[in-house]
Structure formats: C-alpha cells, structure tokens
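J.: Have a look at this one before I ask anything.
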Amino acid sequence: MPLPRLVAGLLGAMAAAAVAGAALPPRAIAAQTAPARKRATIATTKQLRGTIDLERVHNWIAAARAHQTAQFDAAATAIDRWPDEALAVTITDVVDLTRMVRFLDAIRTGGSDGPTLTHRDRSFALTPSARADGKAGEIAVLDQVLGLDPSEPRTPQINHLLELGAMLHTDLGARGEASSNDLSRAASLDARRPKRMGMLDGHVVSIVDNAQHWAYARFLLDAVGGSMATPPARWQDVEPDPSAEAFVARWYRATSAWLQSQGRWADADPQMAYGLEIFPEDARLWFYAGVMHEIFATSQIQQAAQEMIRSGFVQQVHVESNELDTAQQDLRRAVTLDPDFAEAHLHLGHVLGRQGSHADAIAELMLASRTIAGAELQYDTRMLLSREQEATGDQVSARANIERAAALFPRAQSPRLALSELLHRGSDPLAAQAPVEVLLQLPADESARVDPWWNYTRSHVRDAGAKLDDVWRQVRAEDVR
Amino acid sequence: MTGRTWIVACTAVAAAIAAAPAPIAQTQQTPVFRSGRVAVRLDVLVTDHDKPLTGLGAGDFEVLDDGVPQTVDLMSFDSLPVNAIAALDLSNSVDGERLDHLRSAGHAMVDALQQGDRAGVIGFSHSVQLGAPLTADFARVAAAFDQAKAGGGTALYDATYAGLVLGESDMAHSLLVIFSDGLDTSSWLRRDAVLDAARRNSVVVYGVSVKAKPLVDTGSNAERVAALNTNRRQAEKAYGAAVPDPSPQFLIDLADITGGALVEVDSTRHLDDEFARIIREFRLRYLLSYSPAGVSSTGWHRLEVRLKTVRGKDITVRARSGYFAG
C-alpha cells in the first residue's frame, strides 16, 4: 500500500446565492418499502420534443464502442471536447432510443399503440399515432441507429452499449480536471455553476469546474435492465431495472471505491447515494458511505469545509457530530447486512469511540479483531482498541494492545506515542520518555518507518484500482461485435 | 495566565525515584514524591507595554494556589541554562520561500543562545522526526534547520507531545517553540490528551503561527462584506453550526496552560526576529518558588499570579494556569 501523502480531495460546493439557502440534505436511508426510487438524471435545457440529432447520436455511439479501457484515446478526446449541453442532450437521446427499442421489441407481437418514427432528413420526428404494422420498419431503423444485430436478442446488446457508454464517461470523469489555483477568482465565479474545491492538508487550494461525466455514466446505467414481461403503455414510461444487473452493482462498488481513494468526495457522495438507491441491501456500498462520513468528520475535512463556509460557499459536509451520526448509521447498516464484515466493525468501532461510546466501541473492535485480515488492519484494530480501553480506565489492556500493534509494525510512530502518553498520564511520567526517545531515533526515510495509521482513511479502498480494472474486463468480455 | 511550574522534592529522594526502573502501568495513580518537603516553582513573565519588566522582587508578587495565598521566595533565571526545542511544521503548506524563512529563523534562534544552553529540533509532517537532539553543538542544530524538507500532512499534536517529553528530559529551564498554522490533520494523539500532558509537564510553549488569509477578500467594500456575511450564514445553516473565525486555538491553549505565548505573524518574512525575541524573552522570566500550604497535596491546582506593588493597565503577568500535585 503506498504511503499516504497529502490529504487531498475535492469537496462539492456551490455559492450560497445559487443554492438559495437549500442545503445538501443529509442522505436518508432508502426505505425498502419506499415507492419508486430516485433515478439518475442529467441536466439539460432541451426537452425532448421529438427531434433527435442523428449525427450526434451516431458519433457518440461510435466513440463508446471505439473507446479503449482507461485510456484517453481518440474516442475519449473527441467526446471530451463536446460542450456539456450537447453531451447531455445526446446521451438523453441515446437512452430514449434504447427505451423505444425495448418498448417496440416488447410490443411487436402485440397490437397496442406506440410511437411512429418517421425518418425526416437526418433526424427522427415522433408523432403520437402509431400502427402496429409499422413497428417492424421502425425497429429496423432503430437497430441501424444503435448498431444492433436484429438476429440477436436486443436487451443484452442495448445493455452492452449503455455499459460501454458508461465506461467512456467513467474514464473521462476519472481524468484530472483543469483547475485554477487562483483563489482570488473565487468571488467572481459563476454562482449558478457548481464548483468543487480542491483541498490539501485541511486547506482549500484550488477551484475545479464540476464536470458531469459521473452523472452521465449513472444516467446510462439507469437504463440498463432485463427484458420486460409487460411493457407500459408508452415508451416514455419504460424504466429498466438495473438492480438485477451484476455489472451495475460492480460498477457502483468499484467507482465509489475509486472516487474515495482519490479523495473526490464531490463525486463519491452522489455516486454512493445513487448506488444505494439501486442496491439498498449492498453491505459494501453502505460501508463505503459510512467511511466517507467518518472521513468527513475528520479535522482536515472539517477545516477545509469551514474555510469554504467562511467564504460563503455551501458545501457538502456537515458539522462533525452530524457526520459521525450518519457514519454510525451507515456502518451499522453494513454490519446488519453482513455481520461478518470485519472492516465495517473496525470503522464502526472508531466512530463510536469518537462519539464517546467507549464500551460499544470496544465491542465492535473486539468483533473486528477476531477475523480482520492483514497486518495493517490488525494494527488499526489494536491501536483503536487501546485508545478505547484507556478511555474506560483499562490501562493494562490498553498497553497490551499498543504493544501488539508495535510488534506488527516495529517502526511505526503511533504506538510509541500512545505508550508514552499512557505512561505520562499514569504513574510514571519518567518512563514516558523512553518511547519518545525511540520514536525520535527512527529513520528519516518514511518507507523505513511505515505507520498504517497514516493510511487509515484510505485503507478501505486499497483495492479500488483493481476493482475498476475488473469492471473494464467484464464489459470487454461482453463485447459481441 | 501562563507560566511554568516545577514540583520539586528533596534532592536525594528525587534522585532515588529517577533511578528506579519504570513500573508496569497501574490502574491506580501512585504519588510522584513519597517524602520530603515539596516546593512549587513557577516561572513568570511580567510585561509592560509588551516589553519584559525586570527588577522586581519576591515581595512584588502574590501567588494564589487554589485561591489560597502562598508565601513566595524568588529565584532569578540569570544563571540557569536554557533548553530550547524547535518543533517545525514541515507539511505541504510550508515550502519554497516559507521554508527559507523558517531556516533563517532557526539560525536566529541558535544565535540567541548562550554557552551552557542546549537546543534541539523536531521536524514534523505526518511523521515526527528528530532533526537534532538536545545538544550544545549549535552547528549541528543549525545544520538540522538547513536540512529540513517540506511535504506531507500535519501531525501537530504528535509533534507537540514529543517536544514536551523531550523538554522535560532533564530539570533544566525548557522552552518549546512550535511553528505551525495550528491545524492538525494526521496525529494519532488527540488534542485533549496533549493539552493534558502539557498540564503535567514543566516545559513552556511558545507558538508561532502565520495568520490565515481568507479565500475571498472583500476588502473594505461594505456591499461585498454584507453579501459575504449573508452567504456565510446560509452556508453555516447548511453545515449545521456557526463556524468560528480561523485561529490557532491549540497553540493558544498550549500557551495558556504552560505560561508561554502565541506569536501570530502576517508572513514568514521576519520569522527570524520573532524566534530570537522569544529566546531573549524567555531568559527574562522570574522564577518564583513556594511550599504549598493550606491546600491539597494531590490533584490539579489552579494558580494565579499577580503583582502586589506594580499597577498599570498595560502590565501583564503570564504564569502557568496550574499544576498537578502528588
């Protein structure tokens, strides 16, 4: 695991005037009995009134099919140059076309009404009336536009196209964005457009334009789903259900992890929120969400958030106590769904400790300690246990856990400090000097004195890169063309 | 109130305790001193218009221990050597010109030391590193400043604790100068634990911090200020709490507990002057001692130090806020 460096990240923010006092509300847990879930949307000022720009659709589809894994290739370059409005409209059109295909595919043996598609110049016009005998011709046109093979089932092809598009926008979203380090511009920024603040070690250091690629990707994947048993009355009401799609689940887990690993909180937050709308029983997503809020409660995030607030920017982080409450709530959900989720117990224990519930914290950390795997996580568990045990007056157990952590990473500084502080607070301040003397003799080269505590806020997403690679492998394995 | 307190037993007993092997941690606190008379030593800085006021005697001071007046002796610092430890924030935000200024400040601090003094350097980002141990080899200390490199997070609490413990490694007159913006982002130790250690410790802490600049500079434009305040209130509502103005509160609290001071500068350009001034000021403290009477022999004691004979609205007395006995 690489040594931690900066505590960098991007927090989402908007000028308060643009938000008009409306806060980004604390996310509510999606109730299992709730009606229709919140679906992904993308902003576009053009309402679909029946005109689709075929050339743009064609170009976008060609790019989605041509784009190679995680490379900023010609296809990605071309799409990256499109203005946001053009992208939003085109992606909306593509999704609508897939819904039309699903609809027509489902009704072509039936006799219900549907839209008529008329090829006029280079665009489609929708007219309200329909004739059943025209359906075959219409669907053939759509097959051609979307590049579907009519001899193969359409649903998997549509899903694959949408997944390819989602991965194109995933890679575009994952790219570093042009940023301005000129913070004097902050006051003159367009308040209507969301901004993201880059932060480093608790300070705001840059302003980044808020790109929409993650939103595009979510929107595309919201249109992924299985065949319809019974189509709705209108194609506009076709709403595929991605919750049964393994690819979508893996995508949300992988991208949520990756965004957190990069400290891209502005994108990670909505990513997990939408993921949990689709997969409310996914323990891993609840875990990621809980840890995110645990991190939001840390001093470096709180300090950066407060800096933004002083400048009048509404941002996504809430006060520390609220973030800890949300973290506890989400992590409890994770361990309820998966009682053997050791890492979730670890983070839940940390959160409870920070909230002053030391006995409960110890209980969670003890659960974690029984099965948690890996030296770094065992170290974290032992260190956090020692802290909670000291808080309850159990100095002996606290010292034992500090020493066990030190045995795992003999050159880590945190156990030395913890032991010294334990002794300093106890009966022997003179003995407190020896651990500090050992600490101060450690080598200057950090690679020779690794302390897993430095990486605690990233350890839960240590495999994020591999997860994302797996998702790409899956979508490529499904290539049918 | 800020200052410094030593609790001193008879010399022979103190030596015997120091030689004993470190006991296994116990759940019940054992007394530090088992016998002999106990004297409390306080170092006190008196300033008049921010300049150290010298020439005072024991009779000029009044010391209250948990509100009970005490009989005060006086000892001067003139003959006591200084242990000066510099703890330098070497995180990402300290680079380029700032680092150069910090190095110059280190040299200025060393130049202000005298024969018999010792100095040490701790550098910290997320890792706490010893630049130079407490040594009379001032060239080695100066080299430590020159070799300092920036990069990483800020383990301010961890470094402060290490400096406090290093400073109390002997009974000399110890000063810890911490340069930081006061924002911890990486420490294992908690803020309150380190402040508690400072209360139990004899080291005087001076914090040096660069004042934070706002992200949005409204200048004196009334309309912009009003707009910013409106936006800020909306942002605080969304956040869920009022947001205080930035301040290095940890360093302020340390100064208050230990009898030191916080020095806030607008830029690092004249840091060398500040470091040298801190050393000179540290030498000009009075050392008061008294044997506590009429108060408990254990636990936390609140201290107040006042001048009996000298008055003036620009006179300040800085002394430690209290001490742990027993």
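J.: May I ask for the equivalent-ellipsoid semi-axes of segment B:204-246, computed as the square root of five times each C-alpha gyration tensor eigenvalue and listed largest first in whole Å?
T.: The three semi-axes for segment B:204-246 are 26, 17, 7 Å.
J.: Here's something else I'd like to know. Which whole number gives the average, over all residues in A:413-421, of C-beta atoms from other chains lying within 10 Å of the residue C-beta?
T.: The per-residue average across the peptide is 6.
J.: Okay, next question. With a ≥ b ≥ c taken as the square roots of the eigenvalues of the C-alpha gyration tensor of segment B:191-288, please select rounded if a/c is under 1.5 and otherwise prolate if a/b is larger than b/c or oblate if it is not?
T.: Oblate.
J.: Could you give the nm distance between label points at residue B:50 and residue B:62, where each point is 7 Å from its Cα heading toward the beta carbon?
T.: Computed distance between label sites residue B:50 and residue B:62 equals 2.9 nm.
J.: Return the whole-Å distance between the Cα centroid of segment A:222-284 and the Cα centroid of segment B:248-267.
T.: Each part reduced to its Cα centre gives a spacing of 50 Å.
J.: Which aspartates and glutamates does residue B:213 reach when only Cα atoms under 15 Å apart count, and residues fewer than 8 places away in its own chain are ignored?
T.: Candidates past the 8-residue exclusion: A:182, A:307, B:181, B:245, B:264, B:266.
J.: Kindly write out, for segment A:404-421 in residue order, the coupling ³J(HN,Hα) from the Karplus curve 6.51 cos²θ - 1.76 cosθ + 1.60 (θ = phi - 60°), rounded to whole Hz, with x marking Gly and Pro.
T.: 5, 5, 5, 5, 6, 9, x, 9, 6, 7, 4, x, 4, 5, 4, 5, 4, 5
J.: Rounded if a/c is under 1.5, else prolate if a/b beats b/c, else oblate: with a ≥ b ≥ c from the C-alpha gyration tensor eigenvalues square-rooted, which is segment B:254-294?
T.: Since a/c reaches 1.5 but b/c is at least a/b, the shape of segment B:254-294 is classed as oblate.
J.: What does the highest-first list of B:102-108, B:289-295, A:442-448, A:265-271 look like by mean Cβ count within 10 Å?
T.: In descending order of packing, they fall as A:265-271, B:102-108, B:289-295, A:442-448.
J.: Can you compute the FRET efficiency between residue A:68 and residue B:277 using 1/(1 + (r/R0)^6), with r the Cβ-Cβ distance and R0 = 56 Å? Round to the nearest 0.05.
T.: 0.35
J.: Between residue B:38 and residue B:298, what is 0.36 nm times their sequence separation minus the Cα-Cα distance? Round to one decimal in nm.
T.: Working it through step by step, the gained length comes to 92.5 nm.
J.: OK, next. Over the whole of A:430-436, what's the average partner chain Cβ count within 10 Å per residue? Rounded to a whole number, please.
T.: Details: counts 9, 6, 8, 6, 2, 2, 9.
Across the residues of A:430-436, the mean count of other-chain Cβ atoms within 10 Å is 6.
J.: Now for a separate question. So, in Å, what gap is there between the alpha-carbon centers of segment A:81-99 and segment B:220-236?
T.: Cα centres, segment A:81-99 to segment B:220-236: 39 Å.
J.: When the gyration tensor of segment A:248-342 is built from Cα positions, what are the square roots of 5 times its three eigenvalues, in whole Å, from largest to smallest?
T.: 24, 15, 10
J.: Now for a separate question. Under the rule of at least 5 residues apart or a separate chain, name every residue whose amide H is placed under 5 Å from the amide H of residue B:300.
T.: It is B:325, by chain and number.
J.: When ranked by the protection proxy of mean other Cβ atoms within 10 Å per residue, highest first, what sequence do the peptides A:453-460, A:465-472, B:229-236, B:117-124 form?
T.: Those peptides, ordered most packed to least, come out B:117-124, A:453-460, B:229-236, A:465-472.
J.: Kindly rank A:356-366, A:165-175 from highest to lowest mean number of other beta carbons found within 10 Å of each residue.
T.: Order by mean packing, descending: A:165-175, A:356-366.
J.: Using a Förster distance of 45 Å, how high is the FRET efficiency between residue B:313 and residue B:266, based on the Cβ-Cβ distance and rounded to 0.05?
T.: For residue B:313 and residue B:266, the calculated efficiency is 0.95.
J.: Here's a follow-up. What residues qualify as long-range amide H neighbours of residue B:203, i.e. H under 5 Å apart, gap of 5 or more or another chain, H built at 1.01 Å from N?
T.: none
J.: Can you pull the mean other chain C-beta count within 10 Å for peptide A:311-320?
T.: Going residue by residue through A:311-320 and averaging, the value is 6.
J.: I would also like to ask the following. Could you list the residues of segment B:251-271 with an amide nitrogen less than 20 Å from a label point located 7 Å from the Cα of residue B:191 in the Cα-to-C-beta direction?
T.: Once the point is set 7 Å along Cα→Cβ of residue B:191, B:251-265 turn out to lie under 20 Å by backbone N, inside segment B:251-271.
J.: Sticking with this structure for a sec: Under a point spin-label approximation (7 Å from Cα along Cα-to-Cβ), what is the residue A:373-residue B:233 distance to one decimal in nm?
T.: 5.5
J.: First measure r as the distance between the Cβ atoms of residue B:241 and residue B:213, then evaluate 1/(1 + (r/R0)^6) with R0 = 25 Å and state the FRET efficiency to the nearest 0.05.
T.: Here the calculated transfer efficiency is 0.65.
J.: Read phi for every residue in segment A:283-298 and hand back ³J(HN,Hα) as whole Hz from Karplus 6.51 cos²θ - 1.76 cosθ + 1.60, θ = phi - 60°, with x for Gly and Pro.
T.: Per-residue couplings from phi come out as 4, 5, 5, 5, 4, 4, 5, x, 5, 4, 6, 4, 5, 4, 7, 6 Hz.
J.: Something else about it: Using Cα pairs under 8 angstrom and six or more residues apart, how large is the relative contact order of segment B:112-167, in percent?
T.: 34
Taken together, the values in this text are just the output of simple stated rules run on the coordinates, not laboratory data. Everything numeric here is computed off the predicted structure, so don't read it as measured data. Here the Cβ is made from the backbone with ideal geometry for all residues, glycine too, and neighbour counts use every protein chain on show.
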